[in-house]
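Heads up: the structure comes next, in structure tokens.
Where a number appears in this text, it was derived from the coordinates with a stated rule and is not lab data. Note that the structure is a prediction, hence the values are computed from the model and not measured. Cβ sites come from the backbone with ideal geometry, for glycine too, and all protein chains shown count toward neighbours.
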Amino acid sequence: MQFPVLSIIVFTPAVAGLLILLIPANRKTETRMAALAAAVFALILSIWVYFNYDQGRAGYQFLESYRWLPQMGISLQLGVDGISAPLVLLTGLVMFTGVLISWGVDDRPREFFALLFILASGVFGVFVALDLFMLFFFYEIAVFPMYLLIAIWGWVKTREYAAMKLTLYLFIGSVVALIGALAMYWVVGKSTGVYTFNMLLISKAEQAGAFNFVAWQVPTYLQWLFHRPTLTFEMVVFPFVFFGFAVLGGIFPFHNWSPDGHVAAPTAVSMFHAGVLMKLGAFAALRVGIMLLPQGAQYHMSWIIFLALINIVYGAFIAFVQNDLKYAIGFSSVSHMGLVMLGFATLTKDGMIGAGVQMFSHGVMTALFFAAVGMVYDRAHTREIPKLGGMVKPLPWVAIGFIIGGLVSMGMPGFSGFVAEFPIFMGTWQTIPWAAILASLSIVITAAYILIAIRKVFFGEMPIEFSGHIGQIKVLDKIAIATLCGVMVVVGLFPWLMVPMVQSGVNSIMTLLGGA
Amino acid sequence: MYVFSPPNYLAILPEILILALGMLVLIIDPFWKENSRRVNLGWLTAGGLFAVLAIMVMVDRPGEPISTWGGMIQYDWLAFTLKGFLILAGAITAIFMMDVERLGQRAEAYLLLLASLIGMCFMASSGDLIMLYLAIETTSIPLYVLAGFLLTDKFSVEAGFKYLLFGAMTSAVLLYGFSLFYGMAGTTNFYQLSAQFDRLTPLLLGLLIFILVGLAFKISAVPFHFWAPDVYQGSPTPVAGFLSTASKAAGFIVLLRLFVIAFPAMKISADWALILAVVATLTMTLGNFLAITQKNIKRMLAYSSIAHAGYILIGVVAFSQLGGTSVVYYLMAYIMTNLAAFGAVVAYGRVTGSDEIKSYAGLSRRSPALALVMLVAFLSLSGMPPFGGFVAKVFVFNSAVQSHWMWLAVVGVLNSIVGLYYYLTVLKYVYLYRAENEEDERKPLPISRPYTLALFILTAGIVMLGVFLSPWYDLATKAALSIF
């Protein structure tokens, strides 16, 4: 048997989190060191997985399978493909930098790192799970620590409201998706005789036509809406599953938990939240929605493109008018996640590749943004854009990080954002040209608000009350910023590090969709 | 599956042992000094029950389901599984009773607990209406007394009296229903009864409703739920925990046996299933929404336990082997989880003297360990992995989807969102808010050794039920197979 690298990646954070709980409460430095050690370990393993993934062979690799509840067809199936491998790497990166940034957490750091790591375990788990039940299992584990992390360590003004809102939204989404998943389980079981939550087997059954029966006779007075007299099972179940997960991906009109959540969360949690958790939603929507129900996807995609467009343009506009820097970044996440959804919704090879890279690129970029905003806020104690200014002098590292993040966010060539966004627009142009035109508007708006924010926050006159009060950032913070910036530049300059990998994953999706 | 056999002592071995234990408690009690009574009585009862459990697991495992003692007793895996968990619940409750003032040092309290436990064990295994009624009364009467045990506390007296009045009324209705069934069918044995009814006549429907009334009281299903909050609030907290777990679980087993074997109305009529589905919906929804507004944690847990009765009813409505499995699994997870929640309330309320949710502010700073127990228990109640509550909920909803009760499953998941809201609210007090008087946070929170042990067992159990599914699922399936 091969080295069970994936299960070690998944369970390292959780085990580390539980061990951290055993450290006495007053040993704060030891707690942090233990957290850092675990994060470095997970990062190294995820890098190893990324570079050892055999792109030529494609498909799911590093497969592991453990019996868990065979009576019900539940097993712990783990594996990565070209789409999830970058996301595992992303999670490792954000976990590592998140621990560095959170060095200053002084209120119960033990509980903080324990919860953060349990969350990380859930995230890793979702990215590598190949079993529907396990996917839900890990998904919920990724959701509930969020509540406590935001409510306890968050921004005093809105944390209770935001934490509850976020948790309820995500829980609603996941249980709605769960019902759809259970329906798939029974239908597959009945048609093939094998009751299983294994997604590979469900996908095989779908390809054999298990889902092609009529599930709903559309009444005549509604046929204008659905364009057809009957809907098959796939078409009925797809919206449940897709939207259930897409809530976490921040799709319009279920997006408004996300800016509130980002703003209220402490820095490391915002990084996790916008950087990784929203990808979790988009990824699960892809894996369970599009990959298991491709015909449903084809039927519903036209209006999902429309929703994604609203995300992109509306999100960018809202970000443009924000005064609070963290809210601006929060809404820019909504806008950028819209691009991911748009890429998926095109169901073209280019669009999907772009969306896959965008998930990674946006994750790193937004983690960097939130880290930078957090550093500014910790020192200036305000995030109001008009009240800030001249931060480049005391905080040059933060300024450089924010500017690089901004360039990525605008899709500047040479950075990972360009590698991601360009194929998305290519894919959109192939399906609905006017959608591509509309979506490209967002680039202009993004450029506007990012540049304005950079000018007002980092350049210009420093308000008098700040002079001399803005302390330096620590070495650890610099390492975090340098790591994140470095990754974005490397992916931007050497797209071959990532694009072929994502492409190998997308190819198999295209096969499912029946195209080339 | 009806096999008549001569008296089988193995079938009632746990009951015999518990009875002996009760005698022992009563006989030994006067020999102990006043100040050592608390510890000795508590450990004797709890230890004795753990021993009974161990003996039962070792020598008492059933084979094929059989009816014994003239058809009075069913000796099968359903009875075995539930008896095991009921005895565990009894043992844990005995531990929780130890440190409660005016309860822990009284031998009568432990004796009453054991007496009602015997009744519950018979409820889990009875195969005949007469036996069943006797078992229900054996369970209830000691519980009435226990609920009102704190004679100088007017809430406790009110609780005991209220429980008695409602209990007596509903059990009268139940008995009336039983007697009419006997009049129609000429037999009281479950398996012989089941052959008598092949379609749902209006008369039969009326009788079924009589029976439902009696059982709805036991499991606190709407509209016979309203005793629960008052009784839970007033009775001594360990007793409330016992009421909400063991008593309810025993009620559900009776419900399963009656509505699956004796009166399989769901098999012959979709209407009856619909009635139960509506009861389940109302129970969940009302329980959850009323729980939101509660200020007292025991009342909140009472409404939450009403809501959980609704979730479990979904599994009954599904009327399938998987439904039975999920009901049993849910009961296992629920007994563990709710006992842990009540245990945390006992441990904390004993020190602070308050059961208001507000008084939990600052708990995580005073005692991170107890806060962690509450976190595990409440997240499991709300159905979050990796705890037993999540798996149990998924199984229940899965059985509903399998039996084409799509809307019921949707109602269930929507309700679990409402549930999440108020469970998280409590955790907010525990973890987020500071105590009113910050000095309080530095005071240590003494948790006695027995409590630590009991809470540890429960927390471990919750995690085991949520992570190592296979053995528990097998157990639950065996239990379900003995009636389906």
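Contact order, relative form, for chain B: 15 percent (alpha carbon pairs under 8 Å, 6 or more residues apart, mean separation divided by residue count).
Can you give the angle from 0 to 90° between the axis of helix B:129-147 and the longest principal axis of chain B, with both taken from C-alpha atoms, to the nearest 10? So the inclination is approximately 10 degrees. Each residue, B:Leu180 and A:Asn52, gets one label point 7 Å from its Cα in the Cβ direction; the gap between the two is 7.1 nm. I need the calculated FRET efficiency for the pair B:Val351 and B:Ile130, taking r as the beta carbon distance and R₀ as 51 Å, to the nearest 0.05. My answer for the efficiency is 0.65.
Translational diffusion of the protein assembly as shown was estimated from the Stokes-Einstein equation, with Rh taken as the Kirkwood radius over Cα pairs; at 20 °C and 1.002 mPa s the coefficient is 72 µm²/s. Pairs of Lys residues in segment A:5-512 are counted when their Cα atoms are under 22 angstrom apart and they lie 8 or more places apart or on different chains; the count is 20. When each of the peptides A:360-366, B:46-52, A:175-181 is scored by how many other beta carbons lie within 10 Å of its residues on average, the order from highest to lowest is A:360-366, A:175-181, B:46-52. Extension gain for A:Gln207-A:Gln223 works out to 3.0 nm (0.36 nm per residue, less the C-alpha to C-alpha distance).
Would you please name the trypsin sites (Lys or Arg not before Pro) within segment B:61-149 that are DSSP coil residues with at most 14 other C-beta atoms within 10 Å of their C-beta?
Listed in order of number, the matching sites are B:Arg102.
At a Cα cut-off below 20 Å, give the aspartates and glutamates reachable from B:Lys358, other chains included and same-chain residues fewer than 8 away excluded. Reachable aspartates and glutamates: A:Glu160, B:Asp230, B:Glu436, B:Glu438, B:Glu439, B:Asp440, B:Glu441.
Taking R0 as 30 Å, what's the FRET efficiency between B:Ala369 and A:Asn323 from their Cβ-Cβ distance, rounded to 0.05?
Working: r = 44 Å, r/R0 = 1.46.
Efficiency for this residue pair is about 0.10.
Counting Lys +1, Arg +1, Asp -1, Glu -1, what net charge surrounds B:Phe226 among other residues with beta carbon under 13 Å of its beta carbon? Provide the component values of the computation, followed by the final result.
Values: positive: B:Lys162, B:Arg299; negative: B:Asp230.
Once positives and negatives cancel, what remains is +1.
Using the basic label-point model (7 angstrom from Cα toward the beta carbon), what is the A:Met510 to B:Trp32 distance in nanometres? Each label point is offset 7 Å from its Cα along the Cβ direction, giving 7.7 nm. Note on A:139-152: average number of Cβ atoms from other chains within 10 Å of each residue's Cβ is 4. The ranking of A:Trp303, A:Trp155, B:Trp472 from fewest to most other beta carbons within 10 Å of each one's beta carbon is A:Trp303, A:Trp155, B:Trp472. Annotation: for a label point projected 7 angstrom from Cα along Cα→Cβ of A:Ala215, residues of segment B:397-426 with backbone N closer than 18 Å are B:397-414.
Fewest neighbouring Cβ atoms within 10 Å first, the residues B:Cys121, A:Cys485 line up as A:Cys485, B:Cys121. Evaluating 6.51 cos²θ - 1.76 cosθ + 1.60 at θ = phi - 60° for every residue in segment B:320-327, the Karplus couplings come out as 8, 5, 5, x, x, 4, 5, 4 Hz, glycine and proline recorded as x.
How well do other chains shield peptide B:179-185, expressed as the mean number of their Cβ atoms within 10 Å of each residue Cβ?
Working: counts 0, 0, 0, 0, 0, 0, 0.
Mean shielding count: 0.
Both radii come from the Cα set of segment B:204-281: Rg as radius of gyration, Rh as Kirkwood radius; their ratio Rg/Rh reads 1.03.
Taking the C-alpha atoms only, the angle from helix A:396-410 to the longest principal axis of chain A is near 30 degrees.
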